[in-house]
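Written below as structure tokens is the structure these notes are about.
The values are calculated or read from the model by the stated rules, or taken from the named source; none is laboratory data. Please read all numbers here as calculations on a predicted model, not as lab measurements. With ideal geometry, Cβ positions are generated from the backbone for all residues, glycine too; neighbour counts draw on all protein chains shown. With ligands, DNA and RNA removed, areas are computed over all heavy atoms of the protein, side chains included. Shrake-Rupley method; radii C 1.70, N 1.55, O 1.52, S 1.80 Å.
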Amino acid sequence: STHQEISSYLSTVFVADSEGLVRGAEQRSGTFLWQQDKLYGRRLTGTAVQDGLVVVGDYEGYLHALSREDGALQGQLKFDSDGIRVPVQVIEDGNLLVYGNGGKMAVLRIEQDD
């Protein structure tokens, strides 16, 4: 179960559940395409999709970027040591609006190495 925002891209829905599992599911059938369990127990925010990535925040203030295709962890960034509770928002031009519990706010763009 989840009480967080979900995101989607084409026919895939992305959700972070109450246990800290992030999943990609086929939108019509609900069949899980992949599951990422390395963030288990991290009290994740809802998901956001930027380009080829699914982004979530956590209670320790990290942003986690996962592959949209298979859920593989692509990178992490410490953003606010007071944590992140508010889901990351995709705004103009695909940038991400991030707001931390300590009042830190930023517009970020995560770029992948080719």
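Listing for the model above:
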item	result
Accessible carbon and sulfur surface of region 1-90 relative to its total accessible area, %, 1.4 Å	45
Mean-position separation - Cα centroids, region 17-32 and region 65-114, in angstrom	20
Residues of the chain: accessible area per residue with a 1.4 Å probe, Å²	57
Dipole-positive endmost among 72, 32, 44 within region 30-105 (Cβ charges, Cα centre)	44
Net +/- balance of residues flanking residue 94 in space, Cβ distance below 15 Å, scoring K and R +1, D and E -1	-2
Relative contact order of the chain, pairs being alpha-carbon contacts under 8 Å that are 6 or more residues apart, as %	18
Simple label model, 7 Å out from Cα along Cβ direction - residue 111 to residue 6, nm	3.4
Magnitude of the charge dipole, region 1-111, Cβ model with Lys/Arg +1 and Asp/Glu -1, debye to 20	160
Label-zone membership for region 58-95, site residue 18, 7 angstrom Cα→C-beta point, backbone N under 18 Å	59
For the chain, radius of gyration divided by Kirkwood radius, i.e. Rg to Rh on alpha-carbons	0.94
